[in-house]
1. Among the residues that make up segment 184-195, is at least one of them assigned by TED's automatic domain parsing to the domain that holds residue 281, closer than 25 Å to residue 97 by Cβ, in contact with a helix residue (DSSP H, G or I) (Cβ under 7 Å, 6 or more places away or on another chain) and not in a loop (DSSP other than H, G, I, E, B)?
2. Part of a loop (DSSP other than H, G, I, E, B), surrounded by 14 or more Cβ atoms within 10 Å (Cβ to Cβ) and free of Cβ contacts under 8 Å to residues at least 40 places away in the same chain: which single residue out of 231, 176 fits that description?
3. Looking only at segment 239-253, decide whether some residue is more than 26 Å from residue 114 (Cα to Cα) and in contact (Cβ under 8 Å) with a residue 24 or more places away in the chain.
4. If I filter segment 38-58 down to residues being under 18 Å from the mean Cα position of the chain (by Cα) and in a loop (DSSP other than H, G, I, E, B), which single residue comes out as surrounded by the fewest Cβ atoms within 10 Å (Cβ to Cβ)?
5. Please go through segment 280-317 and pick out each residue that is over 14 Å from residue 256 (Cα atoms), part of a helix (DSSP H, G or I) and out of contact with any helix residue (DSSP H, G or I) (no Cβ under 8 Å at 6 or more places or on another chain).
6. Pull up segment 79-125, narrow it to residues that are on the phi > 0 side of the Ramachandran plot and in contact with a helix residue (DSSP H, G or I) (Cβ under 8 Å, 6 or more places away or on another chain), then point me to the one that is farthest from the ligand (Cβ to nearest atom).
7. Just the residues that are within 19 Å of residue 262 (Cα to Cα) and part of a helix (DSSP H, G or I), please, taken from segment 198-228.
8. May I ask you to list the residues in segment 257-275 that are touching a strand residue (DSSP E or B) at 6+ places or on another chain (Cβ under 6 Å) and either farther than 21 Å from residue 196 by Cα or more than 16 Å from the ligand (Cβ to nearest atom) (or both)?
Ligand code: SF4
């Protein structure tokens, strides 16, 4: 059986069930890299220049992690999912970056998704991936339909408030939490940013669990309705320019205007799009002046103690603010 590797990094958090379904429907075995660790990070750092953003370094480390366990590694290049809305250059060049930098890199199965080139071209790219496993294009079309159904199921599970890890367990038929709001939480904090920053517990020092342990209900873009994210993006920037802008600008544009006691923006050091997006969010928070904002920038040197101190101070400030407001009510 052909073994296809999927690195547990970057778009894994959005699309793993879809990709897994597609490859398994075509008879392949899917192997995912292990969770991020010091070894994964160190290997990733060795692959690329220091200025590269942390998530790309992590991705290279994950490719190396599965390099000797698979026949192929799947690295799509997602350019554009909406007309005239584009992804960052790292996503565009990811297959070439991986091929040329990761030692012992297996054969890369890539594809370019760019809706601006029309649906025929997108279908052709999907066929080009499937042709690595079968010559039967009708079977590839059927696998793609099943993959899209899996994607819809997975995202409906995420909307219940589960993390991607929990949602994947649930999607695979395992036991997972319900995702229902916590009865014991006295604050609601929106943690906004790309899933690979928010849900990789190694690089963010288990940020979500730490906030929850402080008695806070965490809200994320994944559990926020798409229409609310679109409205949040429209409110802050009008029309989006970047793919996945809704994960940061859309979610912040929604929660800064209600539904949360505070907003924490999580971004990567060295990320061009995030530096522009976070500036927009900062301005909006300043203009509104109602919902406090904290921006956490992650890189490989981010210390656990410093991060925890910032989180505690932010949550403490939110509680004092809320108590003051409650006390001042007639
Ligand atoms: S959006 Fe930013 S963090 Fe994500 S891959 Fe591109 S440069 Fe890196």
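The values are calculated or read from the model by the stated rules, or taken from the named source; none is laboratory data. The model shown is predicted, which means the values in this text are computed figures rather than measured ones. Please note: Cβ atoms are built from the backbone with ideal geometry, for glycine as well, and neighbour counts cover all protein chains shown.
1. For segment 184-195, residues assigned by TED's automatic domain parsing to the domain that holds residue 281, closer than 25 Å to residue 97 by Cβ, in contact with a helix residue (DSSP H, G or I) (Cβ under 7 Å, 6 or more places away or on another chain) and not in a loop (DSSP other than H, G, I, E, B): present.
2. On the way: 231 fails: part of a loop (DSSP other than H, G, I, E, B).
Being part of a loop (DSSP other than H, G, I, E, B), surrounded by 14 or more Cβ atoms within 10 Å (Cβ to Cβ) and free of Cβ contacts under 8 Å to residues at least 40 places away in the same chain holds for just one of 231, 176, which is 176.
3. Of all residues in segment 239-253, those more than 26 Å from residue 114 (Cα to Cα) come to 252-253.
Narrowing further to those that are in contact (Cβ under 8 Å) with a residue 24 or more places away in the chain: 252-253.
Within segment 239-253, one or more residues are more than 26 Å from residue 114 (Cα to Cα) and in contact (Cβ under 8 Å) with a residue 24 or more places away in the chain.
4. For segment 38-58, the residue satisfying everything is 52.
5. At the first step, the residues of segment 280-317 found to be over 14 Å from residue 256 (Cα atoms) are 296-317.
Retained after the next criterion (residues that are part of a helix (DSSP H, G or I)): 304-317.
Selection gives 304, 305, 306, 309, 310, 312, 313, 314, 316, 317.
6. Residues of segment 79-125 that are on the phi > 0 side of the Ramachandran plot, as a first pass: 84, 104, 118.
Then drop every residue that is not in contact with a helix residue (DSSP H, G or I) (Cβ under 8 Å, 6 or more places away or on another chain), which leaves 84, 104.
Values: 84: 18, 104: 23 Å.
Among those residues, the one meeting the criterion is 104.
7. Matches in segment 198-228: 198, 207, 208, 209, 210, 211, 212, 213, 221, 222, 223, 228.
8. Keep residues of segment 257-275 that are touching a strand residue (DSSP E or B) at 6+ places or on another chain (Cβ under 6 Å), which gives 260-269, 273-274.
Of everything in segment 257-275, those that are touching a strand residue (DSSP E or B) at 6+ places or on another chain (Cβ under 6 Å) and either farther than 21 Å from residue 196 by Cα or more than 16 Å from the ligand (Cβ to nearest atom) (or both) turn out to be 260, 261, 262, 263, 264.
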